[in-house]
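The values are calculated or read from the model by the stated rules, or taken from the named source; none is laboratory data. Because the structure is a prediction, the values reported are computed rather than measured. Note that each Cβ is placed from the backbone with ideal geometry, even for glycine, and that neighbours are counted across all protein chains shown. Accessible surface is based on the protein model in full, side chains and every heavy atom, while ligands, DNA and RNA are left aside. Shrake-Rupley method; radii C 1.70, N 1.55, O 1.52, S 1.80 Å.
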Amino acid sequence: MKKILFTVLIASVGVGAYAQKADGSTKSLLAAEKAFATSAVKDGTKEAFAKFAAPDALAFRPNPVNARKYYESQPDMKNIDWSADFARVSRSGDLGFTSGTFVVDDTNKAYGHYLTVWRKNKNGNWEFILDLGADTNKPLKKLATSFVEPKDHYAPKLATEKDLKVSREIINTTEKTLNTTLKSYGPSAFAGFLNKDARLLFPGTEAIVGKENITAFNNRMIDKINLKTTAFDKALGADFAYTYGLATVDYKTDLRETFHYIFVWERQADGNWNIMSQIFTLAER
């Protein structure tokens, strides 16, 4: 499967003078993404990534690399177009997520999905920390957008690093439980860890929306899947989190492939955590 080594970010909202400012709203995150995209088209990807990538940001191209250093060494690109169809911001305003589709208008057009994790930096601006894309065929239909504002704004009291570590570990434990369940029950076990309206972005397919549709895809295509978590973090508001790592997939066609993945998790009313969005891209050996 051909790998596209470029993922771009944009949303259909206006750009203001302070579009990159994080004010705790999903609207501000979409504005930051739009400003990033405008910079990429106007100034080129080298400058855009230098402006909007965190110093420690990872881009999966396809294996994880420092985003700034990677684009410093790559030719500038301006023949790009993209749009976001998903965005959320934590109620604490420190973490956000966007995903959507992109197209590279080259000699042969290239299409794909992306999922990006953003955080609020010490200057109060949005910067992205993770960016993963999955190449696809030309989409046959446009996905309905889902831009939801936080239900409230919650600024927790400062905690010790020990307390924060314990809090974050809940996400790691949840993903370990998911992996154990996958080993016991196969890919159908995902159903117990998915939001009803969850989204799956998988190479070579259009976005799959809804627990039932994702479960049907997994049961049809996958025999076994094993997750190896690389890192994880949780918003201070304790409503959203992310994990990323490596997934080994055994298909029902007697084929095995390894993927990088990012999962976005949402805390439920009962305190459990479900996946709201997940993306996979083939790893390079």
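Miscellaneous remarks
- Cα centroid separation, region 160-233 to region 90-143 (Å): 19
- Where only C-alpha atoms are counted, convex hull volume of region 236-285 per residue in Å³: 92
- D_trans [Stokes-Einstein, Kirkwood Rh over alpha-carbon pairs] for region 19-100, 10 °C, 1.306 mPa s, µm² s⁻¹: 118
- With 10 Å bins beginning at zero, the pair-distance distribution over Cα atoms of region 80-171 amounts to 14, 35, 29, 15, 6, 0 %.
- When each of the peptides 229-242, 265-278 is scored by the mean number of other C-beta atoms lying within 10 Å of its residues, the order from highest to lowest reads 229-242, 265-278.
- Largest-first principal axis extents, alpha carbons of region 195-250, Å: 37, 24, 17
- Cα pair distances of region 163-285 binned at 5 Å [whole percent]: 2, 11, 21, 27, 21, 11, 5, 2, 0, 0
- Accessible area per residue, Å², region 77-206 with all protein chains present, probe 1.4 Å: 51
- Only aspartates and glutamates eight or more places from residue 252 in sequence, or on another chain, were considered; those with a Cα closer than 16 Å are 223.
- Region 33-73 - convex hull of alpha carbons, volume per residue in Å³: 64
- FRET efficiency, residue 138 to residue 231 (Cβ-Cβ, R0 35 Å, nearest 0.05): 0.60
- Most mobile listed residue (244, 185, 71) in the chain, GNM with C-alpha springs under 10 Å: 185
- Nearby aspartates and glutamates by direct alpha-carbon distance to residue 176 (threshold 15 angstrom, same-chain neighbours under 8 apart not counted): 233
- Spatially proximal aspartates and glutamates relative to residue 196 (Cα-Cα < 19 Å; intrachain offsets below 8 disregarded): 85, 149, 175, 206, 212, 239, 266, 270
- In whole percents, the pair-distance distribution calculated for region 145-216 from its alpha-carbon pairs, binned every 5 Å from zero, is 3, 12, 14, 16, 18, 16, 12, 8, 2.
- Take every pair of alpha-carbon atoms less than 8 Å apart whose residues are at least six positions apart; their mean separation over the length of region 177-238 yields a relative contact order of 35 percent.
- Mean shadow area of region 87-127 over all directions, Cα convex hull, nm²: 3.5
- Ranked by the mean number of other Cβ atoms within 10 Å per residue, highest first, peptides 46-54, 144-152 order as 46-54, 144-152.
- Sorting the segments 58-68, 86-96, 106-116 by their mean number of nearby beta carbons within 10 angstrom, highest to lowest, gives 86-96, 58-68, 106-116.
- Orientation-averaged projected area, Cα convex hull of the chain (nm²): 14.8
- For region 146-285, the share of accessible area belonging to carbon and sulfur comes to 51 percent (1.4 Å probe, ligands and nucleic acids excluded).
- Checking the cross-link pairs 34/78; 141/224; 138/183; 51/138 against a 26 Å limit on the alpha carbon distance flags 141/224; 138/183; 51/138 as lying beyond it.
- Highest mobility in the GNM of the chain, judged by mean-square fluctuation with C-alpha springs under 10 Å and restricted to 28, 99, 184, is found for 184.
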